[in-house]
Amino acid sequence: MGRGSSVKAGRAYVELFADNSRLIRGLRKARYKLRAWGQKVRAIGLSMMAVGTAIAAPLAGAAKIFSSMGDRLGKLSKRTGVSVEALSELQFAAERSGSSLKAVEKGVRRMQRSIYDLERGLSTAQDSFADLGLSLQDLQGLAPEDQFMLIARRLRNVEDASKKAAIAQQIFGRSGTELLPLLDSVEALREKAREMGLTISGESARAAERFTDVMGDVWRMVKRAGYEMGAALAPILEDVALRFSEVMKHVTDFISENQEMIVVAAQVAAGLMAGG
């Protein structure tokens, strides 16, 4: 090859190398930009996930509160005949007066039994209601919550504390004395619950019952699926457990037969740790 051809070849190589270098630099620059863009997209995705979690967590909590509270009041209403609206207000009133909804339930159920005893003509029931100036005609035809409120108003007018406690116990059972602070202020506290918007409607309680039932069915299905999965894995896991127990038996036998060596190893390890 002549000198001119060599010069031309060298120039072509230099140009090709320069073009290649520019290409490489461009690719690297594009790679950096792409990586930066990917990091930005990832950051946006993580932010969106965090926002979604922040939104979903309180919504899940609200659903749980709705389910548990509404379902509880709905079922309690069916047991006692007291409306959900009244129960939600009585729950607030009971908690504010140092009692509980459970005590209210016990008191209402015992009250209904006392009214039935009055209807049957039992003297103890007749005497207790007579002390409040109430007859069977005054109580018949009223909703359970209205019976409860009527008795509470009459009890509030009893000035003798011992007599009041005795009558409350006779009508409301063992929870009668616990309910006395509630009975003295139940009307004002129920009104306060209504003002604060704490009254729960029967419709929402029924919706909570349905939701709780559906979620219960879903959980039963999940447990059933887990059971079937466990049944499928049981033979494999049993074989693994048997093999593991065999290995552990050999390990245990080795330790029993070489206790002195184990002690020496422990002492050496302790010495190394102390030296360290």
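Residues that are more than 23 Å from the chain's Cα centre (by Cα) and either among the basic types (K, R) or within 30 Å of S99 (Cα to Cα) (or both): does the range 215-234 have at least one?
No: zero hits.
Does the range 141-154 hold any residues that are surrounded by 14 or more Cβ atoms within 10 Å (Cβ to Cβ) and touching a residue at least 60 places away in the same chain (Cβ under 8 Å), and which are they?
Matches in the range 141-154: P144, E145, F148.
Keeping to the range 75-98, report how many residues are of a type in the set (S, T, N, Q) and either open to solvent by 20 Å² or more (accessible area, probe 1.4 Å) or modelled with pLDDT under 90 (or both). Give the steps one after another, and end with the answer.
Taking the range 75-98 and keeping what is of a type in the set (S, T, N, Q), we get 77, 80, 83, 88, 91, 97.
Keeping just the survivors that are either open to solvent by 20 Å² or more (accessible area, probe 1.4 Å) or modelled with pLDDT under 90 (or both) gives 77, 83, 91, 97.
Qualifying residue count, the range 75-98: 4.
Would you be able to say whether some residue in the range 227-240 is open to solvent by 100 Å² or more (accessible area, probe 1.4 Å) and under 30 Å from L150 (Cα atoms)?
Initially, the range 227-240 is screened for residues open to solvent by 100 Å² or more (accessible area, probe 1.4 Å), giving 227, 229, 236-238.
Checking the rest, the ones that are also under 30 Å from L150 (Cα atoms) come to none.
No, there is no match, as no residue in the range 227-240 is open to solvent by 100 Å² or more (accessible area, probe 1.4 Å) and under 30 Å from L150 (Cα atoms).
Here is a check on your reading of the model: is E119 over 22 Å from S77 (Cβ atoms), in a loop (DSSP other than H, G, I, E, B), modelled with pLDDT under 95 and out of contact with any strand residue (DSSP E or B) (no Cβ under 9 Å at 6 or more places or on another chain)? Full working, then the answer.
Values: over 22 Å from S77 (Cβ atoms): yes; in a loop (DSSP other than H, G, I, E, B): no; modelled with pLDDT under 95: yes; out of contact with any strand residue (DSSP E or B) (no Cβ under 9 Å at 6 or more places or on another chain): yes.
The answer is no for E119.
Based on what the data block shows, is R220 assigned to a helix (DSSP H, G or I), closer than 30 Å to K75 by Cα, open to solvent by 70 Å² or more (accessible area, probe 1.4 Å) and not aliphatic (A, V, I, L, M)? Full working, then the answer.
Working: assigned to a helix (DSSP H, G or I): yes; closer than 30 Å to K75 by Cα: yes; open to solvent by 70 Å² or more (accessible area, probe 1.4 Å): yes; not aliphatic (A, V, I, L, M): yes.
It is true that R220 is assigned to a helix (DSSP H, G or I), closer than 30 Å to K75 by Cα, open to solvent by 70 Å² or more (accessible area, probe 1.4 Å) and not aliphatic (A, V, I, L, M).
Considering only residues of the range 169-187 that are farther than 18 Å from R96 by Cα and within 34 Å of the chain's Cα centre (by Cα), which is most open to solvent (accessible area, probe 1.4 Å)?
As a first pass, look at the range 169-187 and keep what is farther than 18 Å from R96 by Cα: 169-174.
Checking which are within 34 Å of the chain's Cα centre (by Cα) leaves us with 172-174.
Working: F172: 2, G173: 12, R174: 221 Å².
Checked the range 169-187; the qualifying residue most open to solvent (accessible area, probe 1.4 Å) is R174.
So which residues in the range 155-168 are in a helix (DSSP H, G or I), of a type outside the set (S, T, N, Q) and open to solvent by 80 Å² or more (accessible area, probe 1.4 Å), if there are any at all? Full working, then the answer.
Our first condition is that a residue be in a helix (DSSP H, G or I); within the range 155-168, this holds for 155-156, 161-168.
Then drop every residue that is not of a type outside the set (S, T, N, Q), which leaves 155-156, 161, 163-168.
Listed by number, the residues that qualify are R156, K163.
For residues that are in contact with a Lys or Arg (Cβ under 8 Å, 6 or more places away or on another chain) and free of Cβ contacts under 8 Å to residues at least 40 places away in the same chain, scanning just the range 170-183, find the one that is nearest to A93 (Cα to Cα). Talk me through it step by step, then tell me what you get.
Filtering the range 170-183 for residues in contact with a Lys or Arg (Cβ under 8 Å, 6 or more places away or on another chain) gives 171-176, 180, 183.
Going one step further and asking which of them are free of Cβ contacts under 8 Å to residues at least 40 places away in the same chain, we end up with 180, 183.
On the way: L180: 12, L183: 9 Å.
Restricting to residues being in contact with a Lys or Arg (Cβ under 8 Å, 6 or more places away or on another chain) and free of Cβ contacts under 8 Å to residues at least 40 places away in the same chain, the top hit is L183.
K249 fails exactly one of the following numbered conditions: (1) assigned to a helix (DSSP H, G or I); (2) within 27 Å of the chain's Cα centre (by Cα). What is the number of that condition?
Tallying (1) assigned to a helix (DSSP H, G or I); (2) within 27 Å of the chain's Cα centre (by Cα), K249 fails exactly one: (2).
Within the range 194-206, is even one residue open to solvent by less than 80 Å² (accessible area, probe 1.4 Å), without any contact (Cβ under 8 Å) to a residue 24 or more places away in the chain, part of a helix (DSSP H, G or I) and out of contact with any Leu (no Cβ under 6 Å at 6 or more places or on another chain)?
For the range 194-206, residues open to solvent by less than 80 Å² (accessible area, probe 1.4 Å), without any contact (Cβ under 8 Å) to a residue 24 or more places away in the chain, part of a helix (DSSP H, G or I) and out of contact with any Leu (no Cβ under 6 Å at 6 or more places or on another chain): absent.
Conditions (1) modelled with pLDDT under 80; (2) of a type outside the set (D, E); (3) touching a helix residue (DSSP H, G or I) at 6+ places or on another chain (Cβ under 9 Å), marked per residue:
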site	(1), (2), (3)
E178	no, no, yes
L183	no, yes, yes
A193	no, yes, yes
S201	no, yes, yes
W219	yes, yes, no
G226	yes, yes, no
L237	yes, yes, yes
A241	yes, yes, no
I255	yes, yes, yes
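Output the residues belonging to the range 100-140 that are hydroxyl-bearing (S, T, Y) and either surrounded by 18 or more Cβ atoms within 10 Å (Cβ to Cβ) or in contact with a Lys or Arg (Cβ under 9 Å, 6 or more places away or on another chain) (or both). Talk me through it step by step, then tell me what you get.
Quick first cut of the range 100-140, residues hydroxyl-bearing (S, T, Y) only: 100, 114, 116, 123-124, 128, 135.
The answer is S114, S128.
Six or more apart or on different chains, Cβ atoms under 6 Å: show the pairs whose first residue is in the range 86-101 and closer than 15 Å to K75 by Cβ and whose second is open to solvent by 30 Å² or more (accessible area, probe 1.4 Å) and in a loop (DSSP other than H, G, I, E, B).
Hits for this filter: S88/T199; S88/I200.
The values are calculated or read from the model by the stated rules, or taken from the named source; none is laboratory data. If you're wondering where the values come from, they're calculated on a predicted model, not measured in any experiment. Every residue, glycine among them, receives a Cβ derived from its backbone with ideal geometry; neighbour counts consider all protein chains shown. These area figures cover heavy atoms from the full protein model, side chains too; ligands, DNA and RNA do not enter into them. Shrake-Rupley method; radii C 1.70, N 1.55, O 1.52, S 1.80 Å.
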